[in-house]
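A.B. asks: Take a look at this one; I'll ask things after.
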């Protein structure tokens, strides 16, 4: 990921409705949520939700798939992973013992054990 792509993703999340939409989609992985249901759950007009979803899609954080008459939206977990890795790249100047608590919190089920030096 480059800086321009990261800035676009962070800018997309820097608005309360889009942030809540993305968080809701993450909670509903892998099933996804229809656009109308997202609008209802967040109490947002459907045309406004469509605009927010378009912004999140352009930023690489959301994908969509048509199912009959509905469009199902999902969090793009690969996009989230790339953004997170971009933000953590060169974390703590390579001092793994400093980064270990952060990494453990992000992946509590499978974080490597860090032995003190």
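Each value in this text was obtained by applying a stated rule to the coordinates, not by laboratory testing. These numbers were taken from a predicted model, which means no experiment stands behind them.
A.B. asks: Tell me, please, whether a residue that is more than 22 Å from residue 8 (Cα to Cα), assigned to a loop (DSSP other than H, G, I, E, B) and over 15 Å from the mean Cα position of the chain (by Cα) can be found in the range 69-80.
C.D. replies: yes
A.B. asks: Hey, another quick one. Filter the helices (runs of 4 or more DSSP H) completely within the range 2-54 down to those with at least 3 residues that are more than 12 Å from the chain's Cα centre (by Cα) and farther than 20 Å from residue 66 by Cα.
C.D. replies: Helices (runs of 4 or more DSSP H) meeting the threshold: 3-13.
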